[in-house]
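As structure tokens, the structure follows; a few thoughts come after it.
The values are calculated or read from the model by the stated rules, or taken from the named source; none is laboratory data. This structure is a prediction, so every number in the text was calculated from the model and none was measured. Please note: Cβ atoms are built from the backbone with ideal geometry, for glycine as well, and neighbour counts cover all protein chains shown. Only protein heavy atoms, including side chains, enter the accessible area calculation; ligands, DNA and RNA are left aside. Shrake-Rupley method; radii C 1.70, N 1.55, O 1.52, S 1.80 Å.
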Amino acid sequence: MARAGGTRSQQDREAANVEIVYALLSAAFLGAVVFGAVAGPAAVWDLPGWATRSLVLAGGAVAGVLAVLRVVHVLRQYERHRRG
């Protein structure tokens, strides 16, 4: 909770830090899983060069977008919960 002067207590700052770390770690895990799922066939099967590049590029793009969305979602949920 914010104090009358608008500053946060040490407990509030630590809770925010925990949420930020959780958001980043869960986004990294999600990105790795999605990248593996999309680009994984390129590592398993003998695909033409253009197909391998396409899968790796698509996997990276989708993983990056979903990771950013995960961070935004977690931090928005935290802010809603914090505000009541």
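Is region 4-21 home to any residue that is under 17 Å from the mean Cα position of the chain (by Cα), open to solvent by 40 Å² or more (accessible area, probe 1.4 Å) and not hydrophobic (A, V, I, L, M, F, W, C)? Yes, some residue in region 4-21 is under 17 Å from the mean Cα position of the chain (by Cα), open to solvent by 40 Å² or more (accessible area, probe 1.4 Å) and not hydrophobic (A, V, I, L, M, F, W, C).
Taking the stated definitions as given, is residue 68 open to solvent by 70 Å² or more (accessible area, probe 1.4 Å) and assigned to a helix (DSSP H, G or I)?
Values: open to solvent by 70 Å² or more (accessible area, probe 1.4 Å): yes; assigned to a helix (DSSP H, G or I): yes.
Yes.
Table: residues versus (1) at pLDDT below 95; (2) under 20 Å from residue 75 (Cβ atoms).
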position	(1), (2)
9	yes, yes
15	yes, yes
28	no, yes
31	no, yes
38	no, no
43	yes, no
49	yes, no
